[in-house]
Amino acid sequence: MNTVVFLGGGHITGALAAGLRLAGYGGEIVVYDRHPEKVRALRRESRVEVARDLKSATERAGMVVVAVRPGSVREMLAEVAACEALSRKARVPELWVSLAAGIPLRNLRAWLGAPVRWARAMPSPVCRIGRGLTPVCFDSNVSEGESTRVRKFFARVGPVLDLPEGQLDAITATHSPTHGYHALATLAKAAEDAGLDPATALTAAAHALSDGIVYWRESGAELSELLREAATPGGIAAATMAAMDASGYARAVGKGIRAGVRQAQRNARR
């Protein structure tokens with residue numbers, strides 16, 4: 001069965017569905033959400049089918065993607081198990097993928113037992129435009145064919161990166177596009193404070209961040225080389241970077257990443 005079923009119709013489901021359709025994915029996408037009105041826009045935007053109930057959704061799935069908040073995963077899987085218990089004929093798909101940050105494979109195994117086999121994936125919301133990055137990891141009982149299927153599915157919306165589960169929290173805290181949005185807003189505000197009008201400030205900040213990174217990617221230059229080139233003695237860039245570093249820029253970023261990892265670890269204790 002090639003049907004992919006999403007449990008949860010929130011932002012990441014919407015981003016993935018849109019990115020998949022943009023990439024030409026023609027497979028059947030079914031979405032189940034406790035609040036069907038949430039997914040009506042998804043049906044219009046990405047041609048998804050809205051499941052009428054949890055049982056009918058999971059029974060037809062070739063792969064299930066759990067896309068609810070970390071605090072709701074256990075309850076959702078308990079509902080799946082209850083559906084199975086209430087109906088001896090209920091079919092539980094064997095390949096499941098969790099998008100819940102911080103919830104480890106051991107918890108997923110405990111909350112929904114055999115024959116389910118688990119993968120974890122953390123797709124960036126930028127997958128909506130086909131430029132996502134999706135770190136993945138797999139439980140030991142996932143077959144080579146199943147892991148390949150998961151990788152190919154997410155590769156439709158951007159690069160896929162295999163990692164040990166122990167590194168998943170750190171990359172989740174690092175690869176979020178929120179860093180870009182936050183840096184863009186902060187840099188633009190500083191430019192306004194320095195005298196630019198809001199539109200010009202935002203344009204300049206976006207160029208510095210986005211186009212600078214595109215140049216690094218496409219030029220093949222080492223990041224350290226570009227930083228050395230920018231830090232011309234007596235230059236504006238050198239003075240700017242030195243002042244940021246002296247103000248604790250690196251410490252602030254490091255503190256933010258550590259806070260994100262700690263939140264993921266708190267999710268694991270749910």
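Here, each number is a calculation from the coordinates, and none is a lab measurement. Bear in mind the structure is a predicted one, so any value in this text is a computation, not a measurement. Positions of Cβ are generated from backbone atoms using ideal geometry, with glycine treated the same way; all protein chains shown enter the neighbour counts.
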Practice task
At 0.36 nm per residue, minus the direct Cα-Cα distance, what do THR148 and ALA41 gain on full extension? Give it in nm, one decimal, please.
Solution key: 35.4 nm
Fill in the blank from the handout: Full extension between ARG52 and ALA185 adds, at 0.36 nm per residue less the Cα distance, a length in nm of 43.8 nm
Completion exercise
If SER46, SER176 are placed from fewest to most neighbouring beta carbons inside 10 Å, the sequence is SER176, SER46
Handout entry: Cβ-Cβ FRET estimate between ALA242 and GLU165, R0 fixed at 41 Å, reported to 0.05
Key = 0.55
Exercise for the section: Mind giving me the nanometre distance, one decimal, between the label points for LEU223 and THR174, set 7 Å out from Cα along Cα→Cβ? Expected result: 0.8 nm
Handout entry: Förster radius 22 Å - calculated FRET efficiency between ALA78 and ASN141 (Cβ-Cβ, nearest 0.05)
Key = 0.55
Handout entry: Mean separation of Cα contacts under 8 Å, 6 or more apart, over the residue count of region 4-168: relative contact order %
Key = 22 percent
Fill in the blank from the handout: When MET122, MET63 are ranked with the fewest other C-beta atoms within 10 Å first, the list becomes MET63, MET122
Problem - Cα→Cβ-extended label distance, 7 Å offset, between ARG109 and TYR215, nm - result: 4.9 nm
Exercise for the section: Between TYR249 and ARG270, take the C-beta separation as r, use R0 = 30 Å, and let me know the FRET efficiency to the nearest 0.05. Expected result: 0.35
Handout entry: Ascending count of other beta-carbon atoms within 10 Å, so fewest first, for ARG128, ARG47
Key = ARG47, ARG128
Practice task
Would you look at the GNM of the chain, springs on alpha carbons closer than 10 Å, and say which of THR186, THR172, THR134 moves the most?
Solution key: THR186
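How large is the Kirkwood hydrodynamic radius of region 178-268, in angstrom, based on all distinct alpha carbon pairs?
15.1 Å
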